[in-house]
Amino acid sequence: MLVRTQRLDLIPMTLAMVEAVMLGRRGDAEALANARMPDRWPNRELVERAFTASLDAIRENPAERLWGNRVMIVTRDGARCVIGSVVFHGAPADDGVAEIAYGVEEASQRLGYATEAVRACVGWALAQDAVRSVQAATFAWHVPSLRVLENAGMVRAGVRDHETMGEMILFERRR
């Protein structure tokens, strides 16, 4: 289901889109999104950050692995452009917790798109019966990310450790 905000179309990621991105088939990815991709996208760095599961794992259970994932599309000068994505770390767990992450291509950062997209996707997730809360984690030094999560209506809910980079601040919004 399409989620629309004031400036963005947040279109669901499909298995075909993920395959095109992960296999470096830019033309196919643009056709599937009906939007132009950023110059640096897709690239290996983005793929590794955006997809926490292997392509094989996503293919085995796309409904679970791609649950809620969306591509951010903005229209500029009459052209539709992909500027980032919002992803969940799979469908919500049995405890009703869904975890969200996001990324915006460099040229579109600091324009409020991440906040707008995260707010909309958190709202969408909390409207789903299986979800009681949405969480996100970021590092204390990552000030832009802290602002996005706070401005999207999430509140600090604790800390957790990253396996290699240390302590992260956990944010949450409950139903």
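The values are calculated or read from the model by the stated rules, or taken from the named source; none is laboratory data. None of the values given here were measured: they were computed from a predicted structure. Cβ coordinates were reconstructed from backbone atoms using ideal geometry, including for glycine residues, and neighbour counts include every protein chain displayed. We work out accessible area using only protein heavy atoms, side chains counted, and drop any ligands, DNA or RNA first. Shrake-Rupley method; radii C 1.70, N 1.55, O 1.52, S 1.80 Å.
Points to keep in mind about this one:
- Residues satisfying the stated conditions in the range 75-131, i.e. among the small types (Gly, Ala, Ser), touching a Pro at 6+ places or on another chain (Cβ under 9 Å) and at pLDDT 95 or above: Ala98, Ala114, Ala125, Ala130
- A Cβ distance below 6 Å, combined with a sequence gap of six or more or placement on separate chains, defines the contacts here; from the range 129-144, residues that are hydroxyl-bearing (Ser, Thr, Tyr) reach residues that are open to solvent by 70 Å² or more (accessible area, probe 1.4 Å) in the pairs Ser133/Arg174.
- Failed item in (1) more than 16 Å from the chain's Cα centre (by Cα); (2) modelled with pLDDT under 90; (3) under 25 Å from Ala127 (Cα atoms); (4) not hydroxyl-bearing (Ser, Thr, Tyr), with Leu55 passing the rest: (3)
- Matching residues in the range 128-148 - criterion: being closer than 16 Å to Ala114 by Cβ, buried (at least 20 other Cβ atoms within 10 Å of the Cβ) and in contact with an Asp or Glu (Cβ under 9 Å, 6 or more places away or on another chain): Val134, Ala136, Ala137
- With respect to the conditions (1) touching a residue at least 40 places away in the same chain (Cβ under 8 Å); (2) open to solvent by 70 Å² or more (accessible area, probe 1.4 Å), Leu10 lacks only one, and its number is (2).
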